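Notes for the one structure printed next.
The values are calculated or read from the model by the stated rules, or taken from the named source; none is laboratory data. What you see is a predicted model, and the numbers here were worked out from it, not measured in a lab. Cβ placement follows ideal geometry from the backbone for every residue including glycine, while neighbour counts extend to all protein chains displayed. The protein model used for the area step is the full one, side chains on, heavy atoms only, and it has no ligands, DNA or RNA in it. Shrake-Rupley method; radii C 1.70, N 1.55, O 1.52, S 1.80 Å.
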Amino acid sequence: MKKVAILQSNYIPWKGYFDIIHDVDLFVFYDDVQYTKNDWRNRNRIKTTNGVQWLTVPVGQGLDRLTCEVALVDPHWAQKHHKTLCQYYGKAPHFRHYREFLDEVYLGRRWDTLVGLNHFLIKTIAREFLGITTLFADSRDYPAQGKKLDRLIDLLNQVEAEYYLSGPAAKSYIDPEAFAGAGIALAFKDYAGYPEYSQFHPPFDHAVTIFDLLFHAGPDAPWYIWGWREALPGPSQQ
């Protein structure tokens, strides 16, 4: 059974995003849709000595555009994000392991589009740091027909999906009967039960960028996302 997930790209997403990627055979970036302001597309959260702080990529004020049309015209944000991550995570146990990657992303490259940045971050983190073997695709390569749910199902048919894994927030608008009629099994991801890890600046917060987990747990990061469900030995037992 071919399992597929379809989501908009986010900026250095939280661990739940990668949990979904891990659970499917094909992950489709869905960025030829309306850009949503004050969402996860261009920002995420980190822990600091002063509480949770947003890291936001400036994208201008225009609302009448697709996510894939969002250009990055001010390059100064990258150096600021690099400095902030080094400032608050520089003493984390595994920060040095990812320093070269941070230097490449924030100092060694110039990003022209938001999706270019997001896709690179997500795919690299998934493959190189979390060991995920899921294939990636882009909805722009499939001329899906219809609007909203009809378009989603058409896209799933084009990629020959037999099983669709959705985020739990979609329960409010997804019609299970539409998927049944298309012959596609439907499931919603459950984010409950993630184990806590040793995290700077308590109290613990799950809703932060994947960088937080990587910097603190390093190669044990996958266990804290999905390994604990699979009855694998915990990090301290390996």
(request) Could you figure out which of (1) touching a strand residue (DSSP E or B) at 6+ places or on another chain (Cβ under 8 Å); (2) open to solvent by less than 10 Å² (accessible area, probe 1.4 Å); (3) closer than 27 Å to residue 223 by Cβ isn't true of residue 18? (result) (1)
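Test residue 190 against the stated conditions and say whether it is part of a loop (DSSP other than H, G, I, E, B) and either among the β-branched types (Val, Ile, Thr) or open to solvent by 20 Å² or more (accessible area, probe 1.4 Å) (or both).
Numbers: part of a loop (DSSP other than H, G, I, E, B): yes; either among the β-branched types (Val, Ile, Thr) or open to solvent by 20 Å² or more (accessible area, probe 1.4 Å) (or both): yes.
It is true that residue 190 is part of a loop (DSSP other than H, G, I, E, B) and either among the β-branched types (Val, Ile, Thr) or open to solvent by 20 Å² or more (accessible area, probe 1.4 Å) (or both).
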(request) Kindly indicate whether residue 150 is under 30 Å from residue 180 (Cα atoms) and more than 20 Å from the chain's Cα centre (by Cα). (result) yes
(request) Identify all residues within the range 222-234 that are more than 23 Å from residue 118 (Cβ to Cβ), assigned to a helix (DSSP H, G or I) and open to solvent by 30 Å² or more (accessible area, probe 1.4 Å); write none if there are none. (result) 223, 228, 229, 230
(message) Taking the conditions exactly as written (under 21 Å from residue 41 (Cα atoms) and either surrounded by fewer than 18 Cβ atoms within 10 Å (Cβ to Cβ) or without any contact (Cβ under 8 Å) to a residue 40 or more places away in the chain (or both)), does residue 91 satisfy them or not?
(response) no
(message) Could you check the range 56-70 and list, in sequence order, the residues that are open to solvent by 60 Å² or more (accessible area, probe 1.4 Å) and either out of contact with any Phe, Trp or Tyr (no Cβ under 9 Å at 6 or more places or on another chain) or in a loop (DSSP other than H, G, I, E, B) (or both)?
(response) 61, 63, 64
(message) Looking at (1) modelled with pLDDT of 95 or more; (2) open to solvent by less than 50 Å² (accessible area, probe 1.4 Å); (3) not hydroxyl-bearing (Ser, Thr, Tyr); (4) not in a strand (DSSP E or B), which one does residue 5 not meet, given that it meets all the others?
(response) (4)
(message) residue 132 - would you say it is at pLDDT 95 or above, part of a loop (DSSP other than H, G, I, E, B), open to solvent by less than 50 Å² (accessible area, probe 1.4 Å) and of a type in the set (A, V, I, L, M)?
(response) yes
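Among the polar types (S, T, N, Q), open to solvent by 50 Å² or more (accessible area, probe 1.4 Å) and in contact with a Lys or Arg (Cβ under 7 Å, 6 or more places away or on another chain): does that describe residue 199?
Working: among the polar types (S, T, N, Q): yes; open to solvent by 50 Å² or more (accessible area, probe 1.4 Å): no; in contact with a Lys or Arg (Cβ under 7 Å, 6 or more places away or on another chain): yes.
Taking the combined requirement at face value, the residue does not satisfy it.
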(request) Tally the residues that are more than 22 Å from the chain's Cα centre (by Cα) and not in a helix (DSSP H, G or I), restricting the search to the range 77-93. (result) 3
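Working carefully through the options 137, 207, find the one that is modelled with pLDDT of 95 or more, surrounded by 16 or more Cβ atoms within 10 Å (Cβ to Cβ) and of a type in the set (A, V, I, L, M, F, W, C). Explain how you work it out, then say what you get.
On the way: 207 fails: surrounded by 16 or more Cβ atoms within 10 Å (Cβ to Cβ).
The conditions single out 137.
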(request) Quick one: count up the residues across the range 41-55 that are in a strand (DSSP E or B), touching a residue at least 40 places away in the same chain (Cβ under 8 Å), surrounded by 12 or more Cβ atoms within 10 Å (Cβ to Cβ) and not β-branched (Val, Ile, Thr). (result) 4
(message) Any residue at all in the range 175-187 that's touching a Leu at 6+ places or on another chain (Cβ under 6 Å), assigned to a helix (DSSP H, G or I), without any contact (Cβ under 8 Å) to a residue 40 or more places away in the chain and among the aromatic types (Phe, Trp, Tyr)?
(response) yes
(message) Given (1) modelled with pLDDT under 95; (2) open to solvent by 90 Å² or more (accessible area, probe 1.4 Å), identify the lone condition not met by residue 219.
(response) (1)
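Could you say which residue among 161, 144, 126, 178 is of a type in the set (Gly, Ala, Ser), at pLDDT below 95 and either surrounded by fewer than 18 Cβ atoms within 10 Å (Cβ to Cβ) or within 22 Å of the chain's Cα centre (by Cα) (or both)? Before the answer, list the steps.
On the way: 161 fails: at pLDDT below 95; 144 fails: either surrounded by fewer than 18 Cβ atoms within 10 Å (Cβ to Cβ) or within 22 Å of the chain's Cα centre (by Cα) (or both); 126 fails: at pLDDT below 95.
Of 161, 144, 126, 178, the one residue that is of a type in the set (Gly, Ala, Ser), at pLDDT below 95 and either surrounded by fewer than 18 Cβ atoms within 10 Å (Cβ to Cβ) or within 22 Å of the chain's Cα centre (by Cα) (or both) is 178.
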